[in-house]
Amino acid sequence: MSNDVLVFVEQQDGQIKKASFEALAAGRETAGNLSGAVSAAIVGAGIRNLATQAAQHGATKVFVAESDVLAAHSGDGCARAIAACAEQSGAGTVLFAHTAMGKDLAPRVAQLLDGACTTDATQLSVVDGVLQASKPVFAGKAIKQLRPNAAHYCVTLRPNAFAASEAPAAGEVVNVAAPDGDLLAIVKEISAASVNHVPLQEASVVVSAGRGLKGPEHWTLLEQLVEAFGPGVAAMGASRAVVDAGWRPHSEQVGQTGKVVAPMLYIAVGISGAIQHLAGMVTSKFIVAINKDPQAPIFKVANYGIVGDAFEVLPALTEAIRTTRQ
Amino acid sequence: MEILVLVKRVPATDSQIKIAADGKSYDAQGVEFVLNPYDEFAVEEALKTKEARGGTVTVMTLGTSAAQKDLRTCLAMGADKAILLTCEDHPDSAAVASVLAEKSKELAPDLIFCGKQAVDDDAGQVGPRVATLLGFACATDVNSLEIGDDTFAATRDIEGGRETIEGKLPAVITCQKGLNEPRYPNLKGIMAAKKKPLDEAAATPPDNKVEVVALEPPAERPAPSILGEGAAAVTTLIDKLQNEAKVL
Ligand SMILES: Cc1cc2nc3c(=O)[nH]c(=O)nc-3n(C[C@H](O)[C@H](O)[C@H](O)COP(=O)(O)OP(=O)(O)OC[C@H]3O[C@@H](n4cnc5c(N)ncnc54)[C@H](O)[C@@H]3O)c2cc1C
Ligand SMILES: Nc1ncnc2c1ncn2[C@@H]1O[C@H](COP(=O)(O)O)[C@@H](O)[C@H]1O
């Protein structure tokens, strides 16, 4: 297996996504440990200008598969383009961010390359010259360490589990022929959920509430806490109990059957901490729990706990956070 | 319409996972196994599609003979026939996809439904791998679906929004919660299921492409600390977040 690493870079509104910067940093470190080089792959239409940003984050080469055919995102088209970049670059390892797009593409690219794949890795290491990926399994009740037995290894990285950093490199642009032939499926329409909010899986702070908040009308308390962190910092999450009750949309559900998040700070309010909920947040860096029951299982994983009534603690916390930001 | 559903038998989400002596697998003793929760959405969507457009629903799994029970559940929900490909090893996603894709070719399905991921390894690979092997269109994590004569439109959540994917049949659709409400098998269905065909054949998956180096308990979280009670504890919390965790 080649020691070179290729990182698939995703963009939104002309900006490389934060999770892709994290993947670039992880790719740089992995390539360093393998004594290989790290490059980036950019795929789509009108995306050439992103090469500079990728270079700023350490890509020695940037493989660009550009075509009007890929103007609307196509999973099959994009996967073929990334596989072409991997083949042209000669990379053995291909890294993706574990985003909606990344987790859809990685298994397809792995299949096209007849390679191995591990999704949702939270740690990478190089042991005896081979990349080893760790990922939570069984809803986070165990960690599996895997190594490839193939010429290619595609790995998706959990957002926020790896730190992004700049490290300017040459970023020499290499053109790759975009795939020809028919596309099997394309994205026809994208609708923004709530433009002002940070995507749940990218937020550095997640504030979640559960049945302890008693009813959907009390979510203003949670919104105020989110706002207190300032724009672009915090996002709102929910337990399944409140999603099933119809108080909150499923897109906010955190847990095994919802989203998996790993922010710097996770605040759980009135959430008991069922194993399926923990599966979605236990790899958060710091966990704060607010619950009136001192026996609630959420306290077992919380770094900091406050035993108390959410209706009393939340407003005080919101006020205190607001003050620290002034 | 020829509709295929791929299902897997997995440990129930609330089961205890004990790591086996080899340090690479888990001890299945005493673990309760169930149909993968996301596969229930897949079976339901297949049945709904058949009700709307006619056709046959086949459920297929690669696993041990214990999976007969889960296939019977799917038949009781309303699937027409079941295929159990038996194998005692632990094939990885690539090996599973290879066996399932090969067998799928015999059925020439218009649609293949999968779960978005199996809750054992939470991999989410088999669906897109099968699609790639068969040259089918694919939409993953789908939470709303429309099937036309030879097209589909599928909606999925993306960061900060939703997207609609349009494509051609045949297609692989991996199902996310929200797509439907899976039905429960009724008594009539359970009785009927006993007479439906369940074919069993031995499978020989290719070598795994990933090797398990270790299965370990998760890293211990730092000892929890209850800071105090009620709003009075907020000051201590802010101090910890600023000076100890340094996240503010
Ligand atoms: C297959 C499967 C998948 C699942 N997937 C998920 C998932 O993805 N995500 C998920 O979250 N769950 C999931 N669940 C459900 C999970 O098992 C729990 O039922 C759910 O997480 C409970 O939600 P909750 O904590 O809001 O409610 P409860 O368990 O009812 O807890 C409410 C908590 O609020 C506290 N409380 C009450 N009043 C107050 C107050 N005034 N102030 C402060 N605290 C208060 C109580 O002490 C209690 O601890 C799944 C279950 C299954 C079987
Ligand atoms: N052994 C198997 N037999 C049949 N279907 C499977 C098997 N493993 C996975 N699948 C299907 O693929 C989906 C995703 O599984 P995975 O890629 O293992 O997370 C599952 O929800 C099933 O629909």
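Any read-out appearing in this document is the output of simple, stated calculations on the displayed coordinates, not a laboratory observation. Since we're looking at a predicted model, the values are computed, not measured. Every residue, glycine among them, receives a Cβ derived from its backbone with ideal geometry; neighbour counts consider all protein chains shown.
Counting only other residues whose beta carbon sits under 9 Å from that of B:Pro205, what net charge do I get with K and R as +1, D and E as -1? Present the calculation step by step, with values, prior to reporting the outcome.
Numbers: positive: none; negative: B:Asp89, B:Asp92, B:Asp207.
Taking every Cβ under 9 Å from that of B:Pro205, the sum is -3.
Give, to the nearest whole percent, the P(r) tail of the range B:2-202 beyond 26 angstrom, counting all Cα pairs.
Counting every Cα pair in the range B:2-202, those more than 26 Å apart make up 29 percent.
Find out how many positive minus negative residues lie around A:Gly181, taking Lys and Arg as positive, Asp and Glu as negative, among other residues whose Cβ is under 14 Å from that of A:Gly181.
Net of charged neighbours comes to -1.
List, in the order given, every pair from A:Lys285/B:Lys116; A:Lys300/B:Lys246; B:Lys24/B:Lys177 whose Cα-Cα distance in the structure shown is over 25 Å.
Distance filter (> 25 Å) returns A:Lys285/B:Lys116; B:Lys24/B:Lys177.
Give A:Lys141/B:Lys48; A:Lys17/A:Lys259; A:Lys61/A:Lys188; A:Lys135/B:Lys48; A:Lys18/B:Lys48 a once-over and call out the pairs whose C-alpha atoms are over 30 Å from each other.
Among A:Lys141/B:Lys48; A:Lys17/A:Lys259; A:Lys61/A:Lys188; A:Lys135/B:Lys48; A:Lys18/B:Lys48, the Cα-Cα distance tops 30 Å for A:Lys141/B:Lys48; A:Lys61/A:Lys188; A:Lys135/B:Lys48; A:Lys18/B:Lys48.
Between B:Asp22 and B:Glu2, what length in nm is gained on full extension when 0.36 nm per residue of separation is reduced by their alpha carbon distance?
That pair, B:Asp22 and B:Glu2, stretches by 2.9 nm at full extension.
Distance between Cα centroids, the range A:238-312 to the range B:84-150: provide it in whole Å.
Here the answer is 32 Å between Cα centres.
How do the peptides B:182-194, A:158-170 rank, highest first, by the average count of neighbouring beta carbon atoms within 10 Å per residue?
A:158-170, B:182-194
Å³ per residue of the Cα convex hull, for the range A:1-74?
Expressed per residue, the convex hull around the Cα atoms of the range A:1-74 is 87 Å³.
Where the centroid of each part is defined by its Cα atoms, how far is the range A:13-72 from the range A:120-140 in Å?
22 Å
Where does each of A:228-238, A:55-65 land if you order them by average Cβ count within 10 Å, highest first?
In decreasing order of mean packing, A:228-238, A:55-65 become A:55-65, A:228-238.
Just the C-alpha atoms of the range A:164-211: what Rg/Rh do they give, with Rh taken as the Kirkwood radius?
1.15
Could you list the residues of the range A:269-308 with an amide nitrogen less than 17 Å from a label point located 7 Å from the Cα of B:Asp14 in the Cα-to-C-beta direction?
A:271-280, A:296-298
Share of antiparallel DSSP beta bridges in the range A:1-97, in percent to the nearest 5?
Working: 2 of 15 bridges.
Of the beta bridges lying entirely in the range A:1-97, close to 15 percent run antiparallel.
What is the fewest-to-most order of A:Lys103, B:Lys240 by other Cβ atoms lying within 10 Å of their Cβ?
Starting with the residue having the fewest Cβ neighbours, the order is B:Lys240, A:Lys103.
With only alpha-carbon atoms counted, please give the Rg and Dmax of chain A, in Å.
Here Rg and the maximum Cα pair distance are 20.9, 61 Å.
If the chain between B:Thr151 and B:Lys195 were fully stretched, how many nm would it gain, using 0.36 nm times the residue separation less the Cα-Cα distance? Write down the numbers at each step before the final one.
Values: separation 44, 0.36 × 44 = 15.84 nm, distance 3.37 nm.
So the extension gain works out to 12.5 nm.
Give me the Debye-computed log₁₀ of I(q)/I(0) at q = 0.07, 0.09, 0.10, 0.12 Å⁻¹ for the protein assembly as shown, equal point scatterers on Cα only, no solvent, two decimals.
Debye output, listed in q order: -0.40, -0.68, -0.85, -1.22.
Report the antiparallel proportion of the DSSP beta bridges in chain B as a percent, rounded to a multiple of 5. Kindly include the intermediate steps, with their values, before the conclusion.
On the way: 17 of 45 bridges.
Roughly 40 percent of the DSSP beta bridges within chain B come out antiparallel.
For the protein assembly as shown, give me the percentage of DSSP beta bridges that are antiparallel, rounded to the nearest 5 percent.
Of the beta bridges lying entirely in the protein assembly as shown, close to 35 percent run antiparallel.
In peptide B:222-228, how many Cβ atoms from other protein chains are near each Cβ within 10 Å, on average?
6
Measure nothing but the geometry: give the 0 to 90° angle between the long axis through the Cα atoms of A:100-112 and the longest principal axis through the Cα atoms of chain A, rounded to 10°.
That works out to roughly 40 degrees.
Stokes-Einstein diffusion coefficient for the range A:200-325 at 20 °C in a medium of 1.002 mPa s, Rh from the Kirkwood formula over Cα pairs: what value in µm²/s?
Value of D from the Cα-based Kirkwood radius: 153 µm²/s.
Which net charge results for the neighbourhood of A:Ala91, defined as the other residues with beta-carbon distances under 12 angstrom from its beta-carbon, given Lys and Arg at +1 and Asp and Glu at -1?
Local net charge: -1.
Does anything in the range B:108-135 have its amide N under 18 Å from the 7 Å Cα→Cβ label point of B:Arg183, and if so which residues?
Counting backbone N atoms under 18 Å from the label point, the list is B:113.
How large is the helix-only mean residue ellipticity at 222 nm for chain B, computed as the sum of -39500 (n - 2.57) over DSSP H runs with n ≥ 4, divided by its residue count, in deg cm²/dmol to the nearest 500?
Working: 6 runs with 68 residues, N = 248.
After summing the helix terms and dividing by residue count, I get -8500 deg cm²/dmol.
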